[in-house]
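Taken together, the values in this text are just the output of simple stated rules run on the coordinates, not laboratory data. All figures in this text were calculated on a predicted structure; none of them were measured in a lab. So basically every Cβ, Gly included, is an ideal-geometry build from the backbone, and we count neighbours across all protein chains shown.
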Amino acid sequence: MALTDTEIRKLKAIGKDYQKADAKGLVLVIRAAGGKFWRGELRLNGKKFRYGYGNYPEMTLDNARKIHAVARQLVEFGKHPATLLDHPQAKRMVIDGCGIKELEIQAIAHQKAEAIQAMMTFGEAAGKYKAEWVDKKWKAPDKGWAPVRLHLLPKLADTPLELIDVALLRELIYDLREHKGVVTALSCHGWANRIFGYAVEHDYCTHNPAVLIKAARVGNRTKRTRWLSTPEIRRYLTGLYQADCYRGYKLALHLLLMLTLRKSELCGAAWCEIDFDKGEMLIPAARMKTKKDHLVMLPAQAAEMLQELQRLGGGSPWVLPMPTNPNRAMHSNNLDGAHNAALAAGEIADYNIHDHRHTASTHLREQGHSPEVVETALSHAIPGMAGTYSHAQYKNQRLEMLQSWANFLDTVMTERTVIQATFRKAL
């Protein structure tokens, strides 16, 4: 006999589980503690099994009958009710009048959603790649990782690897090319290729869309050829020393131009690397791009400026300490503000700090200095057979050349041929 709501409400606990049948295999189980829940007693492929529908009164009698009816239909089709009724919202859909077809569509969508959720995302793969390779192999991993952090992760971090296809990645790379330039786009393309290659190798995904995007179609890297003419050098240095910023930044930028150094080679320098008596600065291999020790010859002006930096440092072991923490070396990015101020004051466009090396190299060659001496001062490999068999350091020639270059810079600044030692301090 079918149950009624009135009868169900009157059912009481008796100290052990028991059940009351409704119809067609639907039963209400009354727990020993008093709780009540619905379940269906069904048969699939000749075997009996039970399938729960929910607790009473949250699951009403009418709703339990609707769900049980769908469960019986599924059994008739040879399917276990759990295949369609176990996913979220399935029972609510049945209560709202949906049939098996709608449940199947919802189940497929739910399975896809679960599969996507189980997939590794681009951000997770990138994190693993960085931890296993970049952090261990790169000298400055955070700096090298910047294209991923700034451009790839904001767009792709939460996207599963399998859902990133060629079209999606190409659209992102081309958008970067348009708004950030070819160099940034190519860098991001290269990083995407490495990360996807790592993911495929470790079975995190099955494809690498970056391989199908040709770097040549993204664009070609153009070597920078920007250098300062003599009038531009005058405007740059004058604007630099007139800028409202920490004097140590000004001296550092001047030294980079005078000694033809890279930012990291000077910003990480310690006083133990400088011998004022010999007029030399030895940069260890760990801080050199070439991974070889590099000896820098110091002209008189450079020694004077370094001694001033030593006074400004107040006993710090670093040539360029952080202004707020003398126990730490200055980060090379700290120089960007002073450099930009000098560019603005001198009305100079498209010129970065590394271009100081282009400026020095160009002027030194025009002044007649030997290419081998210039390249050695820049810590470049000398091309050809001469570079293969020659291991000359050109110490005397480099000192003479850099002293001449320092004199030239002073002449440009003062617009006179007489160097005034107090000029830099007066500005």
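Quick one: if the Förster radius is 56 Å, what FRET efficiency do Asp350 and Lys79 give, using the C-beta to C-beta distance and rounding to 0.05?
The computed FRET efficiency comes out at 0.25.
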For this session: Starting from the Cα gyration tensor of region 230-426, take the square roots of the eigenvalues, sort them a ≥ b ≥ c, and report rounded, prolate or oblate (rounded when a/c is under 1.5, otherwise prolate if a/b is larger than b/c, else oblate).
Result: oblate
Exercise. Among Leu163, Asn208, Cys188, whose Cα lies farthest out toward the positive end of the dipole of region 122-218, if unit charges sit on the beta carbon of Lys, Arg (+1) and Asp, Glu (-1)?
Worked result: Cys188
For this session: Give me the net charge of Lys20's neighbourhood, meaning all other residues with Cβ under 13 Å from the Cβ of Lys20; Lys, Arg count +1, Asp, Glu -1.
Result: +1
Exercise. What list do you get for Trp227, Trp38, Trp133 if you sort them by fewest beta carbons within 10 Å?
Worked result: Trp133, Trp227, Trp38
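How many percent of all Cα-Cα pairs in region 20-65 sit more than 17 Å apart?
Working: 320 of 1035 pairs.
Value for region 20-65: 31 percent of Cα pairs lie more than 17 Å apart.
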For this session: Subtract the Cα-Cα distance of Lys292 and Lys180 from 0.36 nm times their separation in residues, and report this length gain in nm to one decimal.
Result: 36.9 nm
Problem set entry | Sites Lys101 and Ala157, calculated FRET efficiency, Cβ-Cβ separation with R0 35 Å, nearest 0.05 | 0.40
For this session: Tabulate in residue order the Karplus-calculated ³J(HN,Hα) for region 11-25, using 6.51 cos²θ - 1.76 cosθ + 1.60 with θ = phi - 60°, rounded to whole Hz; enter x for Gly and Pro.
Result: 5, 10, 6, 10, x, 8, 5, 8, 9, 10, 7, 9, 6, 6, x
Seminar exercise, completed: In the neighbourhood of Gln73 defined by beta carbon distances under 14 Å, the net charge of the other residues (Lys, Arg +1; Asp, Glu -1) is +4
For this session: Let me know the shape class of the chain, please: from the alpha-carbon gyration tensor, a ≥ b ≥ c as square roots of the eigenvalues, rounded when a/c is under 1.5, otherwise prolate if a/b is greater than b/c, or oblate.
Result: prolate
Problem set entry | Local net charge near Gly127, Cβ-Cβ under 15 Å (Lys/Arg +1, Asp/Glu -1) | 0
Problem set entry | Listed residues Pro57, Pro284, Pro317, most fluctuating in the chain (Gaussian network, C-alpha, under 10 Å) | Pro57
Problem set entry | Förster radius 30 Å - calculated FRET efficiency between Asp86 and Tyr18, Cβ distance, rounded to 0.05 | 0.65
Problem set entry | Potential extension, Ala381-Cys272 segment - 0.36 nm per residue separation minus Cα distance | 36.6 nm
Exercise. Residue separation times 0.36 nm, minus the C-alpha to C-alpha distance between Val200 and Lys223: what's the value?
Worked result: 5.0 nm
Exercise. Which of the lysines could be linked to Lys289 by a straight reach, that is with a Cα gap under 19 Å, when you skip same-chain ones fewer than 8 residues away?
Worked result: Lys136, Lys137, Lys139, Lys143, Lys223, Lys263
Problem set entry | Sequence-distant lysines (8 or more away, or on other chains) whose Cα lies within less than 25 Å of Lys79 | Lys24, Lys47, Lys48, Lys66, Lys91, Lys101, Lys112
For this session: Classify region 122-218 as rounded, prolate or oblate from the Cα gyration tensor: take a ≥ b ≥ c as the square roots of its eigenvalues, call it rounded if a/c is under 1.5, otherwise prolate when a/b beats b/c and oblate if not.
Result: oblate
